[in-house]
Every structure is written in C-alpha cells, then in structure tokens.
Amino acid sequence: MLTRGPDHDAATAALWAARDPGTFMGLVHHATLAANSHNAQAWRFRPTAEGVAILPDMSRALPVADGDHHHLYASLGCAAENLMLAAGAAGRSAELGFVPDGEGRVEIGLAEGGGADPLSDAILDRQCTRSDYDGRAVPATDLAALEAAARVEGAEVMLITDPARIAQVLELILTANAVQLSDPAFAAELKSWLRFNAAAAIETGDGLYSAASGNPTLPTFLGRFMFDRFLTVGAENDRYARQVRSSAGLAIIHSDRDAPAHWVQAGRACQRFALQATALGIRHAHLNQPVEVAATRPQLQSLLGLGERRPDMVLRFGYAPAMPRSLRRPVSAVIDV
Ligand SMILES: Cc1cc2nc3c(=O)[nH]c(=O)nc-3n(C[C@H](O)[C@H](O)[C@H](O)COP(=O)(O)O)c2cc1C
C-alpha cells in the first residue's frame, strides 16, 4: 500500500490510544508518544527499584543534524515528561533526576500519591503540524498559559509575536536551513529517516512520514529520486517563510546551561508547551535549524538577549486542521530488561 489510506489510519488509531498508566508497559507507551528528533526514537526504558530509567540509544543518534546529542537528550526529556504525566494520571507522584555516568540517563522515581495534571489529557492528541496555519493571533490569556505550562526547573519558553522580531528569527531559520541543505551529509542523513509511503512508515514504525509533512506519498525509490532531484534550498526556504508568516508566533525554549541535564529539562519544557498548546487547540511545529547550525546559534542567542542561556528549540504556533499522525515502534522494541 503506497498511499495514505486505511492501513496507516488504522495503525495510527491503534497507536494513539490510551494504555493502563498503572503498568510499566503503559507508562512506556505514553512516553514513546512524545516528540523526538527525526522520530528516531533514540531511547530505551528500564524498570528500576524506584521507577523507570530512560537511557539513550546511541545506535539511533543523528551524527550530522545532532552531533553533540543535544536533541537526543531533549527527546529523552520529552519522553520523561509524558511518562511523569501518565504516572500522575494513575495517582502516582514522579520525580526526575539525571545521572551523568557513562552516556547519562534519566531516572524517574515513582511513589504512591499525587494528582493528575490536566496536561496528561493532551498526550494522545498532540502532534507536530507541519502545514500552513491560518494567521489568527493567539489570545493573551492563552499565551500566558503556554508560558506557565512550559516553565520547569532550569528551562522555560520565550514567546515572540511581534512581526518584526519574527522576521529577524525567520532570517536565521532560512540562513541555517540553507547551510544544512547544502551539506550532502545532512541531506543523506535526513533522507535515511524519510518514510515516503505508508508501507515504509508502518514497516519501520519510525522516521518522518511524507504525508505528515504535507508531501505526496511515493514508492521509496521514487521518493529518494525526487528528494535528490527536487529538494532545493530556494523551494524549502519559500515554504518555511510562508509557514512562519502564517503562524501566530514563535516559541523559543531556552535553558540555564548547555549540558545534557539541562537539555533534558529543555525537552520537558518543550513537551509541556506542546501539550498545553494542544489542550488549547493551538498547533505547533519545530524549526530548529538556527539552534542546530553552530554559526547561527550564537546569533539567535544574542538577537533574543539570552545572555549565557542556551536556545534549545525553536517552534512556531498557530491554528490549523490536524495532519496525518506519525508512528512509533512497539513498546517491546524499546524496553531494556
Ligand atoms: C529535540 C527535537 C527536535 C526536533 N526538530 C525538528 C525539526 O527541526 N523540524 C521538524 O519538522 N520537526 C522536528 N521535531 C519534531 C519531530 O520530528 C517529531 O516530534 C517526530 O517526527 C514525531 O512526530 P510527532 O511529534 O507528530 O508525534 C523535533 C522534535 C524534538 C523533540
């Protein structure tokens, strides 16, 4: 099956459904529904005496787009946040620590007691929506709710709604995107994570499904050929510029320090931002090029007056219909027991 259709719809419907958050497998299921870089799912989950450990899976790292593993640890933070929220929904309190030994890991301690955070209700509905938005502004009360939701220890969000300031950040997005797309190693890595049709997306349960980005579905050989032949900086930058201009604003996640423990916290802030947006009917999508390219990150930092704080993630937000969902590998493939 090459086109989006019943198979993909059935797979996503089965995936984006609740499991009992009172069990280890149920908690991991909700964790794996978190946002993560390239949908590479570079994580493993292990039951511990205190709760759950989330470990990096370096075999799924992105050496070109994410050479320092910032996004990988941020993705662990996104998963940790979902897991903690799911635990809360099952009446358990959760506390997160980062253990720097070896490759580093997230340790979540669980205890009886504690209440549900309403953000947990949005876990099954959240998606990155990579389409044009409708240009409507987000009310001030909702902007305040987004800022409050994204605040965690050591990380928070800066919302930008001033068109002149958005235009300045857009310039950096376009500059960084041109740098990345002109790098054959970046393009090759990205291509290896693209799933050009439903059959490929279902078979791997990972990667970036064409239809979820608003692109046509194609046989894999043809998709790869079209990618090589027709993906140009000019066309991609035109699309990003249009998408940003159609958005209500930009959201910059930033953190106290540039180190893995803080990247995890940035991921938690990002996931909480995304869940709160979802709960308010607000869509979001990532545009992380300027934090990924070494030359533009300090420019973004100084443009936004962040001082020593690290800009971790760049997102846009606004209003639009839902897009096709993304898939995940089964829980059994990511547990480490
Ligand atoms: C740290 C991080 C970096 C990401 N960078 C990008 C990005 O630059 N561009 C993009 O379109 N999506 C980006 N994403 C979104 C992922 O591609 C998305 O979460 C994944 O494909 C799964 O889709 P879903 O979030 O809709 O479930 C990023 C997500 C995370 C957590």
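Side notes on the structure shown:
- Toward the positive end of the charge dipole of segment 1-136, with +1 on the Cβ of Lys and Arg and -1 on the Cβ of Asp and Glu, the farthest Cα among V52, H38, A80 is that of H38.
- Helical segments meeting 20 Å axial Cα length and Kyte-Doolittle 0.5 threshold in the chain (DSSP H): 70-89, 163-181
- Summed over the residues of segment 154-301 and divided among them, the accessible surface reaches 40 Å² per residue at a probe radius of 1.4 Å.
- Dipole magnitude (debye, nearest 20) for segment 272-337, charges at Cβ of Lys, Arg, Asp, Glu: 220
- The chain, relative contact order [Cα under 8 Å, separation at least 6], %: 26
- Taking only protein heavy atoms and a 1.4 Å probe, the accessible area of segment 1-157 is 52% carbon and sulfur.
- Global geometry of segment 1-117, whether rounded, prolate or oblate, following the gyration tensor of its Cα atoms and the 1.5 cut on a/c: oblate
- Among T278, T32, T141, the largest mean-square fluctuation in a Gaussian network model of the chain, built with springs joining Cα atoms closer than 10 Å, belongs to T141.
- Rolling a 1.4 Å probe over the protein heavy atoms leaves E189 with an accessible area of roughly 20 Å².
- Tensor-based shape of segment 26-65 (alpha-carbon gyration tensor, a/c under 1.5 rounded, otherwise prolate or oblate): oblate
- In terms of its C-alpha gyration tensor, segment 286-335 comes out oblate, because a/c is 1.5 or above while a/b does not outweigh b/c.
- DSSP-assigned coil residues among trypsin sites (Lys or Arg not before Pro) in segment 92-172, each with at most 15 further Cβ atoms within 10 Å: R136, R151
- Charge dipole (Cα centre; +1 on Lys/Arg Cβ, -1 on Asp/Glu Cβ; no other charges) of segment 46-168 amounts to roughly 220 debye.
- Most fluctuating residue given options D228, D117, D101, as computed from a GNM of the chain linking Cα atoms under 10 Å: D101
- Dipole in debye (nearest 20) - segment 232-324, about Cα centre, beta carbon charges: Lys, Arg +1; Asp, Glu -1: 240
- Counting only protein heavy atoms and using a 1.4 Å probe, the accessible area of H262 comes to about 40 Å².
- Largest first, the residues Y133, Y240 sort by 1.4 Å accessible area into Y240, Y133.
- Taking the charge dipole of the chain about its Cα centre, with +1 at Lys and Arg Cβ atoms and -1 at Asp and Glu Cβ atoms, the residue from A18, S326, S210 reaching farthest to the positive side is S210.
- Fluctuation leader among P184, P47, P260 - the chain, Gaussian network, Cα springs under 10 angstrom: P184
- Compared with the direct C-alpha span, the chain from L231 to R165 gains 21.0 nm at full extension, assuming 0.36 nm per residue.
The values are calculated or read from the model by the stated rules, or taken from the named source; none is laboratory data. Nothing here was measured: the structure is a model prediction, and the numbers come from that model. Heads up, the Cβs are rebuilt from the backbone with ideal geometry, glycines too, and the neighbour counts pull from every protein chain shown. Heads up: the accessible areas ignore ligands, DNA and RNA and are worked out on the full protein's heavy atoms, side chains in. Shrake-Rupley method; radii C 1.70, N 1.55, O 1.52, S 1.80 Å.
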